[in-house]
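The values are calculated or read from the model by the stated rules, or taken from the named source; none is laboratory data. Since we're looking at a predicted model, the values are computed, not measured. With ideal geometry, Cβ positions are generated from the backbone for all residues, glycine too; neighbour counts draw on all protein chains shown. Heavy atoms of the whole protein, side chains included, go into the accessibility calculation; ligands, DNA and RNA do not. Shrake-Rupley method; radii C 1.70, N 1.55, O 1.52, S 1.80 Å.
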Amino acid sequence: IVKYDEALGQLERFEVAKDKAAGMWKLPSYEDYPADAAEQVRDATTPLISLPILSVASLDKGDHTLYGVVNPDDESLSVGESGVGMLVRGKGDSNQVLAELVIGKEVSGAEGQRYVRIPTEDATYVVEINTTPFTTDFQKWINQELLAVRSFDIATVGLRDYAILPTQNGYGMSRNFDADLNFDSASNKWSLERLVTYQNGKAEPDELDEGQKLNDTALND
């Protein structure tokens, strides 16, 4: 995806590529970060498949600026150029171009329709296309749920409480306690399986004092 910022006179390039060995989508523009937002990858490729021409707007190269279909990837593009569109290009396994389209301005009075052009042709067409998936926003291409876990799948929780403290040799780890807890979904209750506290670095088995109990609300949270 190539976009042009007319105000700044700068090109923005965004690439999504499938790693053949790993079989997963990555973002080369962002150090091969996984593009694991599956729906986003799907939605960005679907609009290019079997895209029908609704009408021919012009056959004249001189109308490219008028319809906003000037190719942003053109080497002759100059700073301050107007009427520059967005280029979307799809390639195959051997890096061959399968489909590429310059997407221009919206058609006045026709919702969802755009002027478009194949970069190697002068003709400008009208098509119905959703440009929302062609985003260069990094956040849209990644799964923002860090752990991808559901609350009712969790049966045990292990807590390891410690502090990093300065020492004569730099920094050291001071352990406070370890706790292992189990959750019973039937009774909706937590139970303490193991509690270990540390005194001067030495682990000592421990248990709740009389009158103490687990804070179910905090554990659920």
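Structure summary
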{"item": "Within the stretch 139-160, considering residues that are touching a strand residue (DSSP E or B) at 6+ places or on another chain (Cβ under 7 Å) and not in a loop (DSSP other than H, G, I, E, B), the one modelled with the lowest pLDDT", "result": "W141"}
{"item": "Per-region count, the stretch 49-59, residues assigned to a strand (DSSP E or B) and open to solvent by 40 Å² or more (accessible area, probe 1.4 Å)", "result": "2"}
{"item": "The stretch 1-39 - residue that is part of a strand (DSSP E or B) and in contact with a Phe, Trp or Tyr (Cβ under 6 Å, 6 or more places away or on another chain) and, of those, most open to solvent (accessible area, probe 1.4 Å)", "result": "K18"}
{"item": "Within the stretch 60-138, strands (runs of 3 or more DSSP E) holding 3 or more residues that are surrounded by fewer than 16 Cβ atoms within 10 Å (Cβ to Cβ)", "result": "97-106"}
{"item": "Selection from the stretch 139-155 of residues that are open to solvent by 90 Å² or more (accessible area, probe 1.4 Å) and of a type outside the set (D, E, K, R)", "result": "Q144, L146, L147, S151, F152"}
{"item": "Some residue of the stretch 196-217 being under 26 Å from F152 (Cβ atoms), touching a residue at least 24 places away in the same chain (Cβ under 8 Å) and in contact with a Gly (Cβ under 9 Å, 6 or more places away or on another chain)", "result": "no"}
{"item": "Conditions (1) under 16 Å from L87 (Cα atoms); (2) at pLDDT below 90: number failed by V2", "result": "(2)"}
